[in-house]
Amino acid sequence: MRLKNDDMADALSTSSTASPPSAAYRRVLDALRELNPDDHQIARRMKDTRVPELDNRTLEEAVLAGDAEKALRYLDAIATGWDG
């Protein structure tokens, strides 16, 4: 079952008491979905994959720390063929 971006963002939020996912969080999800439309891989990459270019943080940690633009630049580099 494919989730809409709003549903995916809600499912990935860190806790049930957290505020709704920000626009930046949704933009990163959109960028991930462009790379791979598989929701399970998106969730794993957002929450579990540490990225050296993001100071060894996950994409989610970077976005929540205010570094969404840095995360988006990283994803854009991957989308254009950079292999990390």
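The values are calculated or read from the model by the stated rules, or taken from the named source; none is laboratory data. Small disclaimer: the values here were computed from a predicted structure and weren't measured. Here the Cβ is made from the backbone with ideal geometry for all residues, glycine too, and neighbour counts use every protein chain on show. Just so you know, the surface numbers come from the protein's heavy atoms only, side chains and all, with ligands and any DNA or RNA stripped out. Shrake-Rupley method; radii C 1.70, N 1.55, O 1.52, S 1.80 Å.
Note on surface exposure: TYR25, TYR74 rank TYR74, TYR25 by accessible area, highest first, 1.4 Å probe.
Model label sites at SER22 and ARG73, defined 7 Å from Cα along the beta-carbon direction, differ in position by 1.7 nm.
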